[in-house]
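Student: For reference, the structure I am asking about is given below.
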Amino acid sequence: MAMLERNIFKEIIEGNIPANIVYQDEHCIAFRDINPQAPTHILVIPRKVIRTHADIEPGDEQLLGQLHSAVVKIAKSEGLSSYRVVINCNEGAGQTVPHLHLHLLGGRLLDWPPG
Ligand code: AMP
């Protein structure tokens, strides 16, 4: 699927689109994926708009650490001992929403390699 022009995740951050939010702090917000690929499928996104993984800049390092710390907290609260964190970068890797997001997947056996 092609990358959307519209940044729907920014609209979730701004409260214009509803989402099933499971965690938020000053740096990030996390909500359940609308089309889950595993029993637990949560998206963790920065409040700052970063279009793709390739648009991460020097200065974003602390923010990236905060996103991963949020993933750890959420995985614990979801009772996940095993899980996978995925970032799709650009259309060829399956990115559809132009706002950096970490997929947290768990609750089933996750095969390797992914498709
Ligand atoms: P990606 O394909 O890596 O860009 O991931 C985008 C993800 O966002 C997909 O797994 C979609 O199912 C999910 N998604 C799209 N719109 C929404 C929405 N309004 N609320 C929650 N998840 C969404």
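The values are calculated or read from the model by the stated rules, or taken from the named source; none is laboratory data. These figures come from a predicted structure and were not determined experimentally. Neighbour counts are summed over all protein chains in view; Cβ atoms, including those assigned to glycine, are modelled from backbone coordinates with ideal geometry. Note: accessible area is taken over every heavy atom of the protein model, side chains too, but ligands, DNA and RNA are not part of it. Shrake-Rupley method; radii C 1.70, N 1.55, O 1.52, S 1.80 Å.
Student: Percent of accessible area on the chain owned by carbon and sulfur, 1.4 Å probe?
Tutor: Carbon and sulfur: 52 percent of the exposed surface of the chain.
Student: For the range 100-115 and the range 68-85, write down the distance between their C-alpha centroids in whole Å.
Tutor: Here the answer is 12 Å between Cα centres.
Student: Taking N as the number of residues in the chain, what is its Cα Rg relative to 2.2 N^0.38 Å?
Tutor: 1.01
Student: Whats the longest run of the chain with zero GluC sites (Glu not before Pro) that are DSSP loop and have at most 13 other Cβ atoms within 10 Å?
Tutor: In short, 27-115.
Student: Cα-Cα pairs above 17 Å in the range 20-88: how many percent?
Tutor: Distances greater than 17 Å cover 42 percent of the Cα pairs.
Student: Using a probe radius of 1.4 Å on heavy atoms only, what accessible surface per residue do you get for the range 1-70? Whole Å² is fine.
Tutor: Per-residue accessible area for the range 1-70 comes out at 60 Å².
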